[in-house]
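What follows is a single structure, written as structure tokens, with notes after it.
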Amino acid sequence: MLVSAFARREWGALYATVRAALGQRRWRTLPLTLVSVGLTAFFYLLQHRPQGLRLVHDIGFVRAEDPLWLALLRTPLSLFVPALDLPVWGALAQILLVFGIAELTLGRWRTLVIAYVSTLAGTTYARIGVAVGPEGPFGLPAADARIVDTGPSAAVVGLAVFVCYRYRAWVTAGLVVVAMIVEVVVKPNLAGREHLAAIGAVLVVCVADAVLRRRRQRPGVAGRSGAPPIRS
């Protein structure tokens, strides 16, 4: 009884939205997710071929030591390049689940923007952290500048937090944040700290979104342009 009540309160609205969207158009509502899964699988196969690794390196590998313009150019595709030292099924499962839910609930373009902001936040933090050095509170050792920084994990974390915010799944959002903090404490590597940077960037987006939504809901805001309010 208590578990079902918690589930309805925490995920009821999210579940209803996902179910309704899938019921209307099924998999046709997920073009971004399916393309993302396909790109990730393609890059995985390509980088495990002798000629393909160099191509993936040139278009999708990002390191903190790279020139800024080159890192920015490669960052969009780097999101779909799975890490060489991790099983690809994990990246594919993350994209299918989290990108899929986000696309169904937030829309295609908002999902893409949040994913890119999260990835860019992690990449930017890596550059700043290396510049600060290990002596700083959020600094990184110089060796981290040579680590290949690819994969969808930062985007997945950022999207998960934003979807939870939009659908008031506060406990789930808190668990995601705590899990990322524990990851950094247990295994203090670049990836874990980038996940926290992604969460920080998305929290800023959440605050901005909340402010804009509150302004739209104020009495009289709709009529400030001089036109009467639209009624359906």
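The values are calculated or read from the model by the stated rules, or taken from the named source; none is laboratory data. All values reported here derive from a predicted model rather than from experimental measurement. Using ideal geometry, Cβ is built from the backbone for each residue, glycine included, and neighbour counts are taken over all protein chains shown. Accessible surface is based on the protein model in full, side chains and every heavy atom, while ligands, DNA and RNA are left aside. Shrake-Rupley method; radii C 1.70, N 1.55, O 1.52, S 1.80 Å.
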The residue from Ser4, Ser36 that alone is in contact (Cβ under 8 Å) with a residue 24 or more places away in the chain and either part of a helix (DSSP H, G or I) or touching a helix residue (DSSP H, G or I) at 6+ places or on another chain (Cβ under 7 Å) (or both) is Ser36
Val56 passes all but one of the listed conditions (1) assigned to a helix (DSSP H, G or I); (2) over 21 Å from Ala145 (Cβ atoms); (3) open to solvent by less than 30 Å² (accessible area, probe 1.4 Å); the exception is number (2)
In the range 88-139, anything open to solvent by less than 60 Å² (accessible area, probe 1.4 Å), assigned to a helix (DSSP H, G or I) and free of Cβ contacts under 8 Å to residues at least 40 places away in the same chain is listed as Gly90, Ala93
Flagged in the range 77-129 as more than 15 Å from Val37 (Cα to Cα) and of a type in the set (Gly, Ala, Ser), in numbering order, are Gly107, Ser118, Ala121, Gly122, Ala126, Gly129
Pro82 meets each of (1) part of a helix (DSSP H, G or I); (2) modelled with pLDDT under 95 with one exception, condition (1)
When restricted to Val186, Val163, Val171, the only residue in contact with a Phe, Trp or Tyr (Cβ under 9 Å, 6 or more places away or on another chain) and more than 23 Å from Ala41 (Cα to Cα) is Val171
Of the candidates Leu79, Leu73, the one satisfying the condition of being open to solvent by 30 Å² or more (accessible area, probe 1.4 Å) and not hydroxyl-bearing (Ser, Thr, Tyr) is Leu73
_Flag for Phe42 being open to solvent by 40 Å² or more (accessible area, probe 1.4 Å) and among the aromatic types (Phe, Trp, Tyr)_ = yes
Checklist entry - Taking the condition open to solvent by 30 Å² or more (accessible area, probe 1.4 Å) and in contact with a Leu (Cβ under 8 Å, 6 or more places away or on another chain), does Leu30 pass? => result no
Expected single match for within 28 Å of Leu53 (Cβ to Cβ), surrounded by fewer than 22 Cβ atoms within 10 Å (Cβ to Cβ) and without any contact (Cβ under 8 Å) to a residue 12 or more places away in the chain among Asp144, Asp85 is Asp85
Subset of the range 81-114, residues touching a Gly at 6+ places or on another chain (Cβ under 7 Å) and closer than 21 Å to Phe61 by Cβ, comes to Val81, Pro82, Ala83, Ala91
Considering the range 59-70, residues that are in a loop (DSSP other than H, G, I, E, B) and open to solvent by 40 Å² or more (accessible area, probe 1.4 Å), and then whichever is nearest to Glu194 (Cα to Cα), we arrive at Arg63
Counting only residues in the range 158-171 that are in a helix (DSSP H, G or I) and in contact with a Leu (Cβ under 9 Å, 6 or more places away or on another chain), the one surrounded by the most Cβ atoms within 10 Å (Cβ to Cβ) is identified as Leu159
